[in-house]
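The values are calculated or read from the model by the stated rules, or taken from the named source; none is laboratory data. Remember, predicted model here, so these are calculated numbers, not experimental data. Virtual Cβ from ideal backbone geometry, glycine too; neighbours counted across all protein chains shown.
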Amino acid sequence: MKITGLQTFVVGNPPPGFGGRYFVFLKLVTDGGVEGLGEAYSPPFGPDVVVRMIEDVCERRVIGHDPFRIEQLFRTIYSSGYGQRPDPSLGAVLSAIEMACWDIVGKELGRPIHDLLGGRVHERLRAYSYLYPEDGDATDVYSDPVLAAERALAYVEEGFSAVKFDPVGAYSAFDPRQLSPETLDHAEGFVRTVREAVGNRCDLLIGTHGQMTPAAALRLARRLEPYDPLWLEEPVPPESPEAMARVARGTTIPIATGERLVGKHEFARVLATGAASILQMNTGRVGGLLESKKIAGMAEAHYAQIAPHLYCGPVVGAANIQLAACSPNFLILEGIRSWDGFHAELLRKPIRWEEGHVLPPSEPGLGVELDEAVVAANPYRGERLHLETLDEPVTD
């Protein structure tokens, strides 16, 4: 079997746009007509450039390659141009190609990918969502603790047992920063209000975005410990696990990180330094499914858990589900609400969500297929990147 063709899709994510401004999908085709899907998570370039990067790598390394030889393909792409080190741009391209190969392999063998990576160990996957705004909101759920508490309670009533929110607020290219007393007071009050609303029916996930210095993160953590969050996510930027480890050693709140990391070596530093006990790899950036499974195995040896990250499209979501289903140390899965809305519209058969859990599919490969009519009807015509930080410092 050989890969003989490819097609890329840049899909604009219509309002409300949860999951980013656009999604970049890849389809690989074999000489036997088997098709495999992949998705690249948020390379820091415009989507047209990302498409050309994918095409370039495929032309050089993928066309004519046996999709079953995933480890060889990973190494040759990872080492392209004598790089051979973690890179978020190449990591996203490689991830899309790698998961598309796994999709082909699963379809050729008639088995879901989780069966090929050790077999299913979880019949249902606990899932969470950010608290998102809704039409008719009089205030901003991201900054109004009363509305956030009401929204959290509504999610609990729907079946969620965990919700995530960022009580610190804006983040910029000039972080990390020290937090003002007013910001600390607001963050503490935000978490307290949500906790009082949901009681012990729901875990609280503090989804910060690397805004803080270690000293600021420790000041915040001390205030939040009484409300028993399940984790404090990326309290400092991801570039220094040693700095993050200072926070981990100084708080009882578990630290989570990983959405901006690439490859087993960056995650090895996290584990070696004790920077985090919950790893949030995104299969669309980290290097794909096999790399994610290797990281999950490393984490298992450190008694760390995995919580795959999702703020992109449903193909990465499907890959995360395959990884979670076969990983003994799986903790919880990120989703966009209940996997409904545009994420569901993009798929011929939506991902199954029931009472706060995702049900792993039994179909071969990733278990999802794009509805290409919906894809074609939603081109991206904007100029902004999938995700962006503020270009000016945040002044608390």
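List the helices (runs of 4 or more DSSP H) that sit entirely inside segment 77-159 and contain at least 1 residues that are touching a Leu at 6+ places or on another chain (Cβ under 6 Å), closer than 24 Å to Gly258 by Cα and in contact (Cβ under 8 Å) with a residue 60 or more places away in the chain. If you could, list the steps in order and put the result at the bottom.
Numbers: elements: 88-109, 113-116, 145-158.
By residue number, 88-109.
Going by the structure shown, is Ile295 under 27 Å from Val194 (Cα atoms), surrounded by 23 or more Cβ atoms within 10 Å (Cβ to Cβ) and either modelled with pLDDT under 95 or touching a Phe, Trp or Tyr at 6+ places or on another chain (Cβ under 8 Å) (or both)? Break it down into steps so the answer makes sense when it comes.
Values: under 27 Å from Val194 (Cα atoms): no; surrounded by 23 or more Cβ atoms within 10 Å (Cβ to Cβ): yes; either modelled with pLDDT under 95 or touching a Phe, Trp or Tyr at 6+ places or on another chain (Cβ under 8 Å) (or both): yes.
Considered against the rule, which asks whether it is under 27 Å from Val194 (Cα atoms), surrounded by 23 or more Cβ atoms within 10 Å (Cβ to Cβ) and either modelled with pLDDT under 95 or touching a Phe, Trp or Tyr at 6+ places or on another chain (Cβ under 8 Å) (or both), Ile295 comes out as no.
Name every residue in segment 164-181 that is of a type outside the set (Asp, Glu) and assigned to a loop (DSSP other than H, G, I, E, B), in order of residue number. Can you show your working first?
Keep residues of segment 164-181 that are of a type outside the set (Asp, Glu), which gives 164-165, 167-174, 176-181.
If the condition is that a residue be of a type outside the set (Asp, Glu) and assigned to a loop (DSSP other than H, G, I, E, B), then Pro167, Val168, Gly169, Ala170, Tyr171, Ala173, Phe174, Pro176, Gln178, Leu179, Ser180 are the ones that fit.
Could you tell me whether Ala138 is among the hydrophobic types (A, V, I, L, M, F, W, C) and buried (at least 18 other Cβ atoms within 10 Å of the Cβ)? Can you show your working first?
Values: among the hydrophobic types (A, V, I, L, M, F, W, C): yes; buried (at least 18 other Cβ atoms within 10 Å of the Cβ): no.
Spelling it out, it is not the case that Ala138 is among the hydrophobic types (A, V, I, L, M, F, W, C) and buried (at least 18 other Cβ atoms within 10 Å of the Cβ).
Out of all the residues in segment 58-72, which are part of a helix (DSSP H, G or I) and under 16 Å from Leu37 (Cα atoms)?
Taking segment 58-72 as the starting set, the residues that turn out to be part of a helix (DSSP H, G or I) are 58-62, 70-72.
If the condition is that a residue be part of a helix (DSSP H, G or I) and under 16 Å from Leu37 (Cα atoms), then Cys58, Val62, Ile70 are the ones that fit.
Among the candidates Leu184, Leu205, single out the residue that is in contact with a Lys or Arg (Cβ under 7 Å, 6 or more places away or on another chain), within 19 Å of Gly169 (Cα to Cα) and part of a strand (DSSP E or B).
On the way: Leu184 fails: part of a strand (DSSP E or B).
Residue meeting the stated conditions: Leu205.
Residue under question is Gly284, and the condition is that it be within 19 Å of Phe74 (Cβ to Cβ) and in contact with a Cys (Cβ under 7 Å, 6 or more places away or on another chain); does it hold? Working first, answer last.
Details: within 19 Å of Phe74 (Cβ to Cβ): yes; in contact with a Cys (Cβ under 7 Å, 6 or more places away or on another chain): yes.
Yes: the conditions hold for Gly284.
Are any of the residues in segment 177-198 closer than 23 Å to Ala148 by Cα, among the aromatic types (Phe, Trp, Tyr) and surrounded by fewer than 23 Cβ atoms within 10 Å (Cβ to Cβ)?
First, pick out the residues of segment 177-198 that are closer than 23 Å to Ala148 by Cα: 179-198.
After this cut, where a residue has to be among the aromatic types (Phe, Trp, Tyr) as well, the list is 190.
So of that shortlist, the ones also surrounded by fewer than 23 Cβ atoms within 10 Å (Cβ to Cβ) come out as none.
No; the residues of segment 177-198 include none that is closer than 23 Å to Ala148 by Cα, among the aromatic types (Phe, Trp, Tyr) and surrounded by fewer than 23 Cβ atoms within 10 Å (Cβ to Cβ).
Go through segment 209-237 and give me each residue that's crowded, with 23+ Cβ neighbours inside 10 Å and either within 22 Å of Leu261 (Cα to Cα) or of a type in the set (S, T, N, Q) (or both).
Within segment 209-237, Gln211, Met212, Ala217, Trp231, Leu232, Glu233, Glu234, Pro235, Val236 qualify.
Can you tell me which residue in segment 63-118 is farthest from Val51 (Cα to Cα), limited to those that are buried (at least 17 other Cβ atoms within 10 Å of the Cβ) and β-branched (Val, Ile, Thr)?
Ile113
How about segment 221-247: which of its residues are closer than 18 Å to Lys164 by Cα, among the charged types (D, E, K, R) and touching a helix residue (DSSP H, G or I) at 6+ places or on another chain (Cβ under 6 Å)? Outline the logic, then answer.
Our first condition is that a residue be closer than 18 Å to Lys164 by Cα; within segment 221-247, this holds for 221, 223-236.
Restricting the remaining residues to those that are among the charged types (D, E, K, R) gives 223, 225, 228, 233-234.
The answer is Arg223, and nothing else.
Would segment 381-396 turn up any residue that is loosely packed, with under 12 Cβ neighbours inside 10 Å, assigned to a loop (DSSP other than H, G, I, E, B) and in the same structural domain as Arg120 (by TED's automatic domain parsing)?
So far as segment 381-396 goes, no, none of its residues is loosely packed, with under 12 Cβ neighbours inside 10 Å, assigned to a loop (DSSP other than H, G, I, E, B) and in the same structural domain as Arg120 (by TED's automatic domain parsing).
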